[in-house]
1. Go through (1) under 24 Å from Leu47 (Cα atoms); (2) among the hydroxyl-bearing types (Ser, Thr, Tyr); (3) surrounded by fewer than 16 Cβ atoms within 10 Å (Cβ to Cβ) for Thr118 and report which single condition fails.
2. Listed residues Ile115, Ile69; which is touching a Ser or Thr at 6+ places or on another chain (Cβ under 7 Å), within 14 Å of ligand 1 (Cβ to nearest atom), assigned to a strand (DSSP E or B) and not polar (S, T, N, Q)?
3. For the list (1) surrounded by 18 or more Cβ atoms within 10 Å (Cβ to Cβ); (2) away from ligand 2 (no atom under 16 Å from the Cβ); (3) of a type in the set (Lys, Arg), I need the number of the one condition that Lys178 fails.
4. Return the total of residues in segment 1-33 being farther than 25 Å from Ser244 by Cα and among the β-branched types (Val, Ile, Thr).
5. Assigned to a strand (DSSP E or B) and of a type in the set (A, V, I, L, M): does that describe Ile11?
6. So, Ile114, is that one assigned by TED's automatic domain parsing to the domain that holds Leu220, farther than 27 Å from Asn51 by Cβ and in contact with a Lys or Arg (Cβ under 8 Å, 6 or more places away or on another chain) or not?
7. Among the residues of segment 17-48, write down those that are outside any strand (DSSP E or B), within 14 Å of ligand 1 (Cβ to nearest atom) and in contact with a strand residue (DSSP E or B) (Cβ under 9 Å, 6 or more places away or on another chain).
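The values are calculated or read from the model by the stated rules, or taken from the named source; none is laboratory data. All of these numbers come straight from a predicted model, not from anything done at the bench. FYI the Cβ positions are ideal-geometry reconstructions off the backbone, even for glycines, and counts take in every protein chain you see.
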Amino acid sequence: MKIGVVGGGAIGLLLAGLLTEQSHDVTLYVRNEVQKNQINQKGIICLPEENTYNPRALLIDELEQEELIFICVKQYDVEKLLPKLEHSCSTLVFLQNGMSHIDALDHFDYSNTIIIGTCEHAARKVNATTVRYTGEGKLNLALFKGDQKDFEHLNNHVSDNKFPIVLTGNWRHMLHNKLIINSVINPITAVFQVKNGALLSNPHLLYLAQSLCKEVANELKLNEQEQWERIRGIIEKTTENDSSMKTDIENNRKTEIDGILGYLLQHSDNPKPLINNYYHAIKALEMEGV
Ligand SMILES: NC(=O)C1=CN([C@@H]2O[C@H](COP(=O)(O)OP(=O)(O)OC[C@H]3O[C@@H](n4cnc5c(N)ncnc54)[C@H](OP(=O)(O)O)[C@@H]3O)[C@@H](O)[C@H]2O)C=CC1
Ligand SMILES: CC(C)(CO)C(=O)C(=O)O
C-alpha cells in the first residue's frame, strides 16, 4: 500500500520504519531539508536492535497522493498542518495524545475519510534519523468521519502481527480511555520529575494520582475504580519509563497539557481544583523553561 507518515519525530520515525518492514511503499514527510536528506542517505535506525529501514523522505510541502496518511505530529501542531492536507485524497489517520485536535478536525472541511487513533507503542527520538523503540504496542483506531469501507480496508491491508491494529466503534470513548491515563500519569510525573513507577511506590504520589484519577473520571463520566485499575496496570508496565510530559519539561519543550488537562477545563462547567492546579503547574514549568 502507498502510505505517507507525517512528522519525523519519535512515532513518525517508528511507524515509517515498521511500515517499511511490512513492505509498504512508505514516504515520511518532514518539515526540514536537513532531516529529509539525512533520512534519504542513511535511512531510519531503530534501536535497540539497530534495524535500518529505507523509506523515502520528502518535505511536507512536497506531499504526493497517498492511499493512507498517518499523522504523527504533536496535537498542538495539527491545526497548522491541516491546510497542507486539504487537497489530498487520502484516508487520514490522526494519532495524537489528548483531545484538542478533535476541535480542529470538527472544523476541517475534508471530503475523504478521517480516522482517529491512539498509539500504544512507545518511542523516543534519538536524533534526526534514529528512534529508540521503548515499548511494543498496537494502534487503536476508530472512524471519525467518512467511509466505513476505507476503515475496513486499512484493517485488512495494514494490520499484521508485527503491526497490530484494533478497530473500535466509538472514537470518543477510545480517546477518553487514553485521556484519563495521560491526565493522571503525565502531569504528576512532570511536576515531580519522577519515573512513572513512583506514582505507586511513593504513598504521597499514589494519593495524588488516585485523587486526580477520581476528578478526571467524574468529569469524563467513567468508573473511577475501573479507571484506576487500568492506570495502575499502565504504571506497572511502564515503571522505569519517563512520561512524555516529564521529558518535555526536562528538555524545555512545549508539552501537550493544553490538549490534555486544558481540554478538560475548557469543556467543563464544574470546578475542577486538581485538574486546574496541575494545568497551571505545568504551564508554569513550561514558562520557566523558555
Ligand atoms: N512518543 C511516544 O511514545 C508516544 C507519542 N504519542 C503521541 O504521538 C504524537 C507524536 O508524538 P512524538 O512522535 O513523540 O512527538 P515528536 O515531538 O517526537 O515528533 C513530532 C514531529 O512532528 C513534526 N512536525 C510538526 N509539524 C509538522 C509539519 N507541519 N510537517 C511535518 N512534520 C511536522 C516535528 O518536526 P520537527 O522535528 O521539525 O519539530 C516532530 O519531528 C503526540 O501527540 C504524542 O502524544 C502517543 C503515544 C506514545
Ligand atoms: C502512558 C504514558 C504515560 C507512558 O509513559 C504515555 O503515554 C506518555 O508518556 O505520554
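1. (3)
2. Answer to the selection: Ile69.
3. Failed condition: (2).
4. Qualifying residue count for the region: 4.
5. It is false that Ile11 is assigned to a strand (DSSP E or B) and of a type in the set (A, V, I, L, M).
6. When the stated conditions are applied, Ile114 does not pass them.
7. Gly17, Leu18, Arg31, Asn32, Glu33, Gln35, Lys36, Asn37, Gln38, Ile39, listed by residue number.
Yes/no matrix, rows are residues, columns are (1) within 16 Å of Leu92 (Cβ to Cβ); (2) of a type in the set (Lys, Arg):
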site	(1), (2)
Phe144	yes, no
Val158	yes, no
Lys162	no, yes
Ile165	yes, no
His173	no, no
His176	no, no
Ile180	no, no
Pro187	no, no
